[in-house]
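K.L.:
I have a structure I would like to understand better, so I am pasting it below and will then ask my questions one at a time.
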Amino acid sequence: MTEGQVARRSRRGRDAINWRHPGRVVVAGFAVGTAIGTALLMLPFATASGEATDLLTAWFTAVSAICVTGLVVVDTPTYWSGFGEGVILGLIQIGGLGVMTLASVLALLVARRLGMRMQLFAQTETKALGLGDVRRVVAGVIRLSLTMEAAVAVLLAVRFAWRYDEPFWDAVYLGVFHAISAYNNAGFALYSDSLISFATDPFILVPIIVAVVVGGLGFPVISELLRRRLRRGKPWSLHTRVTVLTYGALLVVGSVAVTLTEWWNPKTLGPLDLHHKLLVGLSHGVMPRTAGFNSLDLAHFEPTTLLINDVLMFIGGGSAGTAGGIKVGTFALLAFVILAEIRGQPTVHVLGRRLPADAQRQALTVALLAVGVVMTATVALLAVSSFALDQVLFEVISAFGTVGLSTGITAKIPAVGQLILIALMFIGRLGPITMASALALRERPRRYELPEERPVVG
């Protein structure tokens, strides 16, 4: 064998190993799940009419479900049959828990052990800190998810049966569907107007809000909060403190801002009394954190309110949760980096800890990639549709942030525009860095450093 043949075989071997990169496997897992969901939704008995669904509609719905977004091109309760709704619910659960998390659970059940590669795949999806933590994290994710979904489902089912006279099994089905959709921040509803009919019912809105917040904070944060409560005196980790403080601050600011800007709008909050205005305002301060339910008609929102929602949707929720966006941790870290630069400090300090340089680069990369994706998609959608900028920008950020809120234009966007939204949902769910690492052909470690020279900034 010649030296050239050896080199080519070595390169092929490295490329084969690279394609086993956990990030690429996560992308492939979601792609396979989407393909299966699309095929199932195209079956004739998946629709209420008994007619087969066209490829684009089925594909869009499957991607929206598995990416826990909630954007739809057809009315969910009237278009899909019980089977179709079941497929959507299954895709939501798979997307929320993570394809690799479910695969790890199956491996545990079958082999009673996790191989090194499977642990790496699960680590990528669950954001576990170490290989030894993966098994505990996977079990914890499943346990927390099912417990939270069951509790919310019971509360909603009781309310549907008692207040709205739904038959017992219909109430149970409605409770389970909306509980899973809420916890996974999906935003799919079995009512054509989402939650507008329940805008003044706290027994429906509050459980859904709680499920959205818990799912959006992420398992690492919820797990640590529960453990620290049992072990008093132990401080929270930096990740938990940053996530809880930033998420809470944005929740308050968002709720207040939406309430104030819509307070006198006769088509939204205007006709409601005080406590109902506060309830609905809280709901719409939470839902842009990538939940997708709406208790007001967003088509009647003021332009200022739409812009506020754009910001909240772009930021999203907590890392390793069911929410999308660039994540509150990324937003907070960038804020601390800016503050340190304004103060002229050589290092960045966050709540009593020094922030590593690689974390700063990662936060900046995530944010700038997200801005680039959103701006490119917005320009493309403006070129292929006749909608106004605020509507298109809202739709694009909603898709990228896997939110699911819409001003009502999703089904009216041309087919090429819907394909753009599909790509946005897929990219937004997996994250810019995961997608980039999955598509990169090979890693290129730097073996040397060039001479340093400082350019003019600003």
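Listed here are the residues, each with its yes/no results for (1) more than 21 Å from the chain's Cα centre (by Cα); (2) surrounded by fewer than 17 Cβ atoms within 10 Å (Cβ to Cβ).
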{"position": "R143", "(1), (2)": "no, yes"}
{"position": "T147", "(1), (2)": "no, yes"}
{"position": "A161", "(1), (2)": "yes, no"}
{"position": "D170", "(1), (2)": "yes, yes"}
{"position": "I180", "(1), (2)": "no, no"}
{"position": "N184", "(1), (2)": "no, no"}
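K.L.:
Suppose we filter the range 339-377 for residues that are β-branched (V, I, T), within 26 Å of the chain's Cα centre (by Cα) and open to solvent by 30 Å² or more (accessible area, probe 1.4 Å); how many remain?
P.N.:
Counting residues in the range 339-377 that are β-branched (V, I, T), within 26 Å of the chain's Cα centre (by Cα) and open to solvent by 30 Å² or more (accessible area, probe 1.4 Å) gives 4.
K.L.:
Go through (1) loosely packed, with under 14 Cβ neighbours inside 10 Å; (2) farther than 24 Å from G216 by Cα for D390 and report which single condition fails.
P.N.:
Exception for D390: condition (1).
K.L.:
Give me the pairs, please: first residue somewhere in the range 189-213 and touching a residue at least 60 places away in the same chain (Cβ under 8 Å), second residue anywhere and crowded, with 21+ Cβ neighbours inside 10 Å and among the basic types (K, R), beta-carbon distance under 8 Å, and either six or more positions apart or on two chains.
P.N.:
Every condition considered, the pairs that remain are V212/R289; V213/R289.
K.L.:
On to the next question. Looking only at the range 270-290, how many residues end up being farther than 21 Å from G321 by Cα and either surrounded by 23 or more Cβ atoms within 10 Å (Cβ to Cβ) or in contact with a strand residue (DSSP E or B) (Cβ under 9 Å, 6 or more places away or on another chain) (or both)?
P.N.:
2
K.L.:
Another question, then. Out of the residues in the range 92-109 that are at pLDDT 70 or above and in a helix (DSSP H, G or I), which is most open to solvent (accessible area, probe 1.4 Å)?
P.N.:
Here the answer is I94.
K.L.:
Follow-up question, since we're still on this one. How many residues are assigned to a helix (DSSP H, G or I), touching a Gly at 6+ places or on another chain (Cβ under 7 Å) and within 19 Å of T304 (Cα to Cα) if we restrict to the range 369-405?
P.N.:
Residues meeting the conditions: 1.
K.L.:
With L129, L156, L89 as the choices, which residue is of a type outside the set (K, R) and either over 27 Å from T402 (Cα atoms) or modelled with pLDDT under 80 (or both)?
P.N.:
Just one listed residue meets the conditions, L129.
K.L.:
Return yes or no: is T200 assigned to a helix (DSSP H, G or I) and polar (S, T, N, Q)?
P.N.:
no
K.L.:
Which count do you get for residues in the range 34-56 that are open to solvent by less than 20 Å² (accessible area, probe 1.4 Å) and assigned to a helix (DSSP H, G or I)?
P.N.:
5
K.L.:
Scan the range 258-279 for residues that are in contact (Cβ under 8 Å) with a residue 24 or more places away in the chain and in contact with a helix residue (DSSP H, G or I) (Cβ under 8 Å, 6 or more places away or on another chain) and jot them down.
P.N.:
If the condition is that a residue be in contact (Cβ under 8 Å) with a residue 24 or more places away in the chain and in contact with a helix residue (DSSP H, G or I) (Cβ under 8 Å, 6 or more places away or on another chain), then V258, T259, T261, E262, N265, K267, T268, L269, L272, L279 are the ones that fit.
K.L.:
What do you reckon, is A380 under 17 Å from the mean Cα position of the chain (by Cα) and at pLDDT 90 or above?
P.N.:
No; evaluated as a whole, the condition is false for this residue.
K.L.:
Taking the conditions exactly as written (open to solvent by 40 Å² or more (accessible area, probe 1.4 Å) and assigned to a helix (DSSP H, G or I)), does T330 satisfy them or not?
P.N.:
The answer is no for T330.
K.L.:
What number of residues within the range 57-75 satisfy the criterion of being assigned to a helix (DSSP H, G or I) and open to solvent by less than 10 Å² (accessible area, probe 1.4 Å)?
P.N.:
Within the range 57-75, residues that are assigned to a helix (DSSP H, G or I) and open to solvent by less than 10 Å² (accessible area, probe 1.4 Å) number 8.
K.L.:
OK, next. Just the residues that are surrounded by 15 or more Cβ atoms within 10 Å (Cβ to Cβ) and either hydroxyl-bearing (S, T, Y) or under 18 Å from the mean Cα position of the chain (by Cα) (or both), please, taken from the range 234-253.
P.N.:
S237, T240, T243, V244, T246, Y247, L250, L251
K.L.:
State which residue pairs qualify: first residue charged (D, E, K, R) and inside the range 141-154, second residue assigned to a helix (DSSP H, G or I) in any location, beta carbons under 8 Å apart, and separation of 6 or more residues or different chains.
P.N.:
Sorted first by the residue in the range 141-154, then by its partner, the pairs are E149/V176; E149/A179; E149/I180; E149/Y183; E149/A211.
K.L.:
Given the criterion modelled with pLDDT under 95 and closer than 30 Å to F301 by Cβ, identify the matching residue among F336, F394, F331.
P.N.:
Every option except F331 fails the conditions.
The values are calculated or read from the model by the stated rules, or taken from the named source; none is laboratory data. Everything quoted here is computed from the prediction, not taken from an experiment. Note that each Cβ is placed from the backbone with ideal geometry, even for glycine, and that neighbours are counted across all protein chains shown. Ligands, DNA and RNA are excluded from the accessible area calculation, which covers all protein heavy atoms including side chains. Shrake-Rupley method; radii C 1.70, N 1.55, O 1.52, S 1.80 Å.
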